[in-house]
1. What FRET efficiency, computed as 1/(1 + (r/R0)^6) with R0 = 22 Å and r the Cβ-Cβ distance, is obtained for Glu133 and Glu186, rounded to the nearest 0.05?
2. Along the range 183-189, what does the Karplus equation 6.51 cos²θ - 1.76 cosθ + 1.60 (θ = phi - 60°) give for ³J(HN,Hα), rounded to whole Hz, x for Gly and Pro?
3. Between Asp33 and His151, what is the FRET efficiency for a Förster distance of 25 Å, r being their Cβ-Cβ separation, to the nearest 0.05?
4. Would you mind checking Lys41/Lys120; Lys29/Lys215; Lys149/Lys175; Lys175/Lys215 for any pair whose Cα atoms are more than 19 angstrom apart?
5. Please turn the phi angles of the range 63-75 into ³J(HN,Hα) values with the Karplus equation 6.51 cos²θ - 1.76 cosθ + 1.60 (θ = phi - 60°), one per residue in order, whole Hz, x for glycine and proline.
6. Could you order peptides 51-62, 180-191 by the average number of other Cβ atoms within 10 Å of their residues, highest first?
7. Short version: ³J(HN,Hα) in whole Hz for each residue of the range 85-94, in order, from phi by Karplus 6.51 cos²θ - 1.76 cosθ + 1.60 (θ = phi - 60°), x for Gly and Pro, what are they?
Amino acid sequence: MKEKEDIQSIRDQHTNGLGVQYLLALKNKLILDELREIQPKLKQDTPQHIIDLFHYISDTAKRDVILGLSKIYDRPSERNNKLRNINKFICQLQRHKIEIFNTIDLIGDSWNNFLNKHSKIINKYPLLNTKKENFIDFIQEIVTNLETKNHTIDRLRVWRDKYLAHNENYSDEVKLSIEEVETLFEITYLIIDFSNSFFNINTVLIEKPNIGFIKEVFMNYIDISSSQINFA
């Protein structure tokens, strides 16, 4: 009975937890990336209401990236067993190692293909270029290290708690670099793709969100000569 509940919880974590929050955060991250491309190309005579709209979309996307990642990397809670987060998901996968590894053994070269697919994050953390038996444990080690005081996940939580959920004086010390945000996305996708590739939980594959509407909104205000303008 316990094993069946674990499998159901893993499916829930994958699909309704990490999967949903990853896609929402990723969509907003891609929106920000698109806005960064558009911003220096906006015409000098762009109407003020379009500039205001640009800022509104940008500010909203930044907030939703932080909120989405914060839910994924939320603090573990002994009091709330319904809380979905990456730590709980990793622990659940660890309890089912033998099932995962037996599946991998049957697939042949899929483990090396998986490592190659995620070479960017593995280059950041070479210990992930390991035997399949150590993979989940090393991911847990990386997440634990990022949770230490003033490290990436800790500052993400502080940002969410102090400046989004509450209204404290802002401090640049908790800001995350673009590279740090990228790393959190890469680790999340790594975990989701690992469980989707090697653990039969019957979930949908992660697809890249469509954010083409952003370019459509600002198309009439883009100068094809790319004259520089800065609204930051």
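Read-outs: derived from the displayed coordinates by stated rules, not from any lab. Quick caveat, the model's predicted, so the values are computed rather than measured. No Cβ is skipped: glycine too gets one built from the backbone with ideal geometry, and neighbour counts run over all protein chains shown.
1. Efficiency computed from Cβ-Cβ geometry: 0.50.
2. Listing the rounded values in order: 4, 5, 5, 5, 5, 4, 5 Hz.
3. My answer for the efficiency is 0.55.
4. Going by Cα-Cα distance, Lys41/Lys120; Lys175/Lys215 fall outside the 19 Å limit.
5. 4, 6, 5, 5, 5, x, 5, 5, 5, 5, 9, 4, 5
6. Working: 51-62: 14.8, 180-191: 19.7.
Ranking, from highest mean packing down: 180-191, 51-62.
7. Using θ = phi - 60°, the values come out as 6, 5, 4, 4, 5, 4, 4, 5, 5, 4 Hz.
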